[in-house]
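Read-outs throughout are calculated quantities, based only on the coordinates presented, and are distinct from any laboratory measurement. Fair warning: this is a prediction, and the values are worked out from it, not measured in the lab. Here the Cβ is made from the backbone with ideal geometry for all residues, glycine too, and neighbour counts use every protein chain on show.
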């Protein structure tokens, strides 16, 4: 059992240990944000002997992904055989000291800040600021660069009058002998270290599992950097419209493959070498799942996927079965997809349910139909009752996926409707069109629940939605499309409006339209589920 050890260290030890790669700042820390003025105030406290808080360091044999550069200084790797001390608390203070004493130039968003421009005021009283950043109109013999005071040597100090020697020596001694309070966590596990960090970081956001795993799985010898690897995959997913799949999906997939569980505690205990060994195969399994969603389910973009978490059981399947599923296996996977989506299964306790569903995927891999202990109702009435349109609800996304499966065509020319992740964030997206426009139905006194209903939604393109249709009655705008589009009957079938003459469209009869579309959607969903 490790014990926290109170210690202290001098300025020279601190800077030496950073310079030599002993003290490291783990990558999950935020960027260095302190200004030059904040750093000067910190140094002013030090030169006056005031306490500046305790540094908490975690000493370990682990090699985490760490911040490689501070400003213009490239930090070395930790020497072989040496233990690393990762900064869990005090990163901004420590980086300030390092930047100030090395005179680094730090790139901010709009400008560079030169930390060499921090000075010691040799004539300041003790109740005034001794460490300053502004020396406009000051006599050059009254101020000295902090860096020059500590490291300039005789050639620099001799330029000052003899009367300043005593104060120069005094300030130099104060800085060099100041002892920083530290607490060392020796050989704690990464779980403990990150828990300590999270508790200390109450004012900030908690570390994500991904941030911890980026640090934990980093291996310079094997050239493995999870953050960079995920960026590479994300770029490939972006090319096919599935860039909103989050990093946690890859970690959960890895975890169910190794441990058949995927809660945070299981992910954090994954073995680094096994993780690295399996990474490429896990990525391949995720990519095969995405291809399956796109090609078999015809889901063109990831925002229509009812749950990102659905990738996990499908990736588990494709890890064990790299080829496309055939016949019964394909039918069982389809049944699984629609049951999970329509039952809104992953809306709570997702890790537990994924672990349960992996067992169902095992059955499918064995050519067996799984048993389900949750009910799915695809009746016309269930769709009506549960159809309030909110683009983030998995139930609604499932029906949108059903609409996308029909490969909807544009009303005006039967061309393919292109969908875009950027457009599908909200219910008022450019791709979502209320077939009976909201303004039209409001004038008729229709209730909002039935106006903003998934049965009144069609997937169209931006041009059509905003410029051609607007708030016109369906009979009016559809008459225009009837003239322009000689395939209009066929076009409307791709929107599950199967009989344009009997859906109440030409009479602006919303009740008939609503009922008819509910019947068609229910019939289509029944085809997806195995009774």
Handout entry: FRET E, pair residue 108, residue 191, Förster distance 30 Å, beta-carbon r, rounded to 0.05
Key = 0.30
Problem - Relative contact order (%) - the stretch 381-528, alpha-carbon pairs under 8 angstrom, separation at least six - result: 28 percent
Fill in the blank from the handout: At the level of C-alpha centres, the distance separating the stretch 80-143 and the stretch 163-191, in angstrom, is 14 Å
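Suppose only helical runs count, i.e. DSSP H with n ≥ 4. What mean residue ellipticity at 222 nm does that imply for the chain under -39500 (n - 2.57) per run, divided by all residues and rounded to the nearest 500 deg cm²/dmol?
Taking each H run of at least 4 residues, the total per residue is -13500 deg cm²/dmol.
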Practice task
Go ahead and run the numbers for FRET between residue 479 and residue 511, Cβ-Cβ distance against an R0 of 25 Å, rounding to 0.05.
Solution key: 0.75
Practice task
Take peptides 316-326, 332-342 and line them up by average Cβ neighbours within 10 Å, highest first, as a rough protection proxy.
Solution key: 332-342, 316-326
Practice task
Would you calculate the separation in nanometres between label points at residue 323 and residue 200, each defined as 7 Å from the Cα along the Cα-to-beta-carbon direction?
Solution key: 5.5 nm
Handout entry: Distance from the stretch 328-381 to the stretch 302-325 (C-alpha centre basis), Å
Key = 12 Å
Practice task
Express the relative contact order of the chain as a whole percentage, based on alpha carbon pairs under 8 Å and six or more residues apart in sequence.
Solution key: 12 percent
Completion exercise
The FRET efficiency for residue 54 and residue 220, from their Cβ-Cβ distance with R0 = 35 Å and rounded to 0.05, is 0.70
Handout entry: Structure-derived Rg/Rh (Cα atoms, Kirkwood Rh) - corresponding label in (i) 0.96; (ii) 1.04; (iii) 1.14
Key = (iii)
Problem - residue 41 versus residue 499: modelled label distance in nm, points set 7 Å from Cα along the beta carbon direction - result: 7.6 nm
Practice task
Output the relative contact order of the stretch 209-374, whole-number percent, from Cα pairs under 8 angstrom with separation of 6+ residues.
Solution key: 23 percent
Fill in the blank from the handout: When 357, 291 are arranged by how many other beta-carbons sit within 10 Å of their Cβ, fewest first, they go 291, 357
